Amino acid sequence: MILPSIVYLLFLLSVLGLFWTLPSLKARLWLLTIASLVFYASLQIEYLFLMVTLMLVTFFLGNAIAAPLDWRRGNSRWQLAEQGWNRRRRRLLWIGIVINVVLLLGFKYLEGGLRLLGWVGETSPTAGVWTNLIMPLGLSFFCFECIAYLVDIYRGSPPALSLVDFSAYKFFFPKLISGPITRFHLFIDQVEQQKAPGLTGMVEGGWLIAYGAVKKLLVADHIAILVNLSFNNLARAGSADLWLATFAYGLQLYLDFSAYVDIARGSAMLLGITLPENFNAPYFSTSLADFWRRWHITLGDWLRNYLYFPLGGSRQGLGRTCLNLMIVMLIAGIWHGNNWGFLIWGALHGAGLVLHRLTQAAAKAAPQFKQFWASIPGLLLAWILTQGLVFFSWLFFRLPDPKQFTLALGRLVGTTADPQFIQKVYLESLGFSYGQLLILLLGVVGLMAIAQLFQRGLQLQISWPVKLLLIPVFGFLAWLLAPAETLPYIYFDF
């Protein structure tokens with residue numbers, strides 16, 4: 001059951017029809033839980049038991065952490081009892097964190113370890129078996145939400161009142177596979193209100209689904225053809241071809257991931273639930289810190305609240321702040337995968353954040369320096385430097401294996417493409433020349449800039465009647481012009 005697809009649309013309509021006819025909150029929560037389990041089973045039934053077990057462990061640990069201290073004690077023993085209670089809560093929190101982290105890293109790095117031992121590989125007799133056992137879908141986002149829930153409970157938030165409350169939240173099918181990462185209390189408060197979306201909300205939800213389908217099927221998957229053809233033929237591609245493919249991959253990744261989030265948020269909106277936004281025009285940011293406030297917003301919030309701040313944040317001097325930023329981004333790289341390319345990607349972003357923080361400190365001491373960065377030339381230069389680093393780092397994200405990215409790096413400058421590459425990739429497979437493809441990709445950026453100008457700059461929005469008319473048009477175009485094979489979402493691998 002892939003988002004978007006006819007099967008998913010029928011599934012969503014069936015859930016909606018039942019959800020808004022059920023009279024009680026508990027029945028609706030059970031419906032969301034069962035429907036979400038069916039949704040996950042349709043994608044990867046072999047890991048359903050594991051995910052349910054992890055949910056149960058997190059739920060009971062959360063209740064244990066929230067268990068109050070017995071007040072029926074004498075004053076002389078109160079302080080001692082309170083110390084023991086705090087130690088118990090801290091121990092339970094760490095047990096929950098360790099379970100989630102070990103499970104997540106175990107699956108992410110199991111394949112790499114087995115490959116080193118020779119148990120996984122093209123010539124290994126067990127290669128097919130291990131390939132099917134690697135990385136349950138949605139495990140990263142599932143574990144991040146579990147950790148956030150336990151930490152929030154430890155910090156004083158109330159736990160889930162019932163198991164069905166927590167299971168409906170954890171398995172909520174629109175966000176289950178690739179987020180956005182959502183906090184429990186934000187989710188359950190909206191469900192308990194049982195507020196129907198109304199005509200405007202229904203149109204907005206349908207618009208997000210149709211808009212996401214166009215971004216995924218009509219744009220991202222077509223860009224993916226160029227990206228895959230180029231990176232699958234590294235030895236024949238020239239420098240210009242690799243730069244174009246890297247630029248295209250940055251656009252593909254954004255459009256692919258944001259399309260999933262649009263469809264997820266639209267589906268949730270039809271159920272009366274507003275999921276957090278995950279993107280805010282990240283490619284128009286003028287600093288790496290601003291980029292991370294706009295790109296994968298819920299992951300950035302998670303890294304800040306549950307990693308950066310516990311490390312000390314920016315409260316312990318400039319040197320410690322820079323160290324914390326680097327640690328956080330290296331961990332972000334490790335989270336994405338078990339190849340060196342992801343670690344390099346994290347290190348590049350960490351170094352960029354450190355440089356930005358040092359630049360900010362220098363600007364405070366030199367007013368003229370601050371004035372330059374606030375001027376139009378300064379903003380333009382900052383945008384070029386920021387996006388240059390972001391797009392260059394995507395090369396390691398797309399080619400995380402050292403053999404691949406070293407080959408690509410060696411061909412980024414002064415290399416001419418094989419004539420057969422130009423003929424096969426551009427003219428025969430894509431039907432466009434290099435220049436035409438570049439213009440098309442720049443046109444995509446131009447459309448993104450226009451949308452940003454109208455929405456954020458001029459504060460203009462498309463009215464709901466126009467969106468209602470565009471929903472079937474966008475849906476038909478996505479279905480008609482989609483590639484022959486729908487590609488899986490990139491972030492399903494993470």
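The values are calculated or read from the model by the stated rules, or taken from the named source; none is laboratory data. Note that this is a predicted model, so its numbers are computed, not measured. Because the Cβ atoms are built from the backbone with ideal geometry, glycine has one as well, and the counts that use them run over all protein chains shown.
Among the residues of this structure, residue 23 does not count as one that is in contact (Cβ under 8 Å) with a residue 24 or more places away in the chain and either surrounded by 14 or more Cβ atoms within 10 Å (Cβ to Cβ) or of a type outside the set (D, E, K, R) (or both). So, of the residues in the stretch 412-423 that are in contact (Cβ under 8 Å) with a residue 60 or more places away in the chain and of a type outside the set (Val, Ile, Thr), which turns out to be farthest from residue 246 (Cα to Cα)? Result: 420. Taking the stretch 482-494 as the range and being of a type in the set (A, V, I, L, M) and exposed (fewer than 13 other Cβ atoms within 10 Å of the Cβ) as the test, only 484 passes. Against the criterion of being part of a helix (DSSP H, G or I), charged (D, E, K, R) and either assigned by TED's automatic domain parsing to the domain that holds residue 296 or without any contact (Cβ under 8 Å) to a residue 40 or more places away in the chain (or both), residue 428 qualifies. Go through 475, 435 for me and flag whichever is of a type in the set (Gly, Ala, Ser) and farther than 16 Å from residue 244 by Cα. Criteria check complete, one pass: 475.
Of all the listed residues (151, 102, 120), the sole one being modelled with pLDDT under 85 and of a type in the set (A, V, I, L, M, F, W, C) is 120.
Give the residue that is nearest to residue 292 (Cα to Cα), with candidates limited to residues of the stretch 368-388 that are small (Gly, Ala, Ser) and surrounded by fewer than 16 Cβ atoms within 10 Å (Cβ to Cβ). Here the residue is 388. All told, residue 279 meets the bar of being under 22 Å from the mean Cα position of the chain (by Cα) and outside any helix (DSSP H, G or I). For the stretch 384-408, taking the residues that are free of Cβ contacts under 8 Å to residues at least 12 places away in the same chain and of a type in the set (A, V, I, L, M, F, W, C), the one that is nearest to residue 339 (Cα to Cα) is identified as 385.
Per the conditions (1) more than 21 Å from residue 390 (Cβ to Cβ); (2) surrounded by fewer than 24 Cβ atoms within 10 Å (Cβ to Cβ), the sole criterion not satisfied by residue 243 is (1). From the list 352, 435, the lone residue that is small (Gly, Ala, Ser) and in the same structural domain as residue 484 (by TED's automatic domain parsing) is 435.
Scanning the stretch 416-425 for residues that are within 20 Å of residue 399 (Cβ to Cβ) and not in a helix (DSSP H, G or I) gives 417, 418. Kindly indicate whether residue 413 is exposed (fewer than 15 other Cβ atoms within 10 Å of the Cβ), at pLDDT 90 or above and either in contact with a strand residue (DSSP E or B) (Cβ under 8 Å, 6 or more places away or on another chain) or not in a helix (DSSP H, G or I) (or both). Judged against the criteria, residue 413 is a match. For first residues located in the stretch 43-61 and under 18 Å from residue 137 (Cα atoms) and modelled with pLDDT of 95 or more, partners that are in a helix (DSSP H, G or I) and charged (D, E, K, R) and lie 6+ apart or on another chain with Cβ distances below 8 Å form the pairs 55/170.
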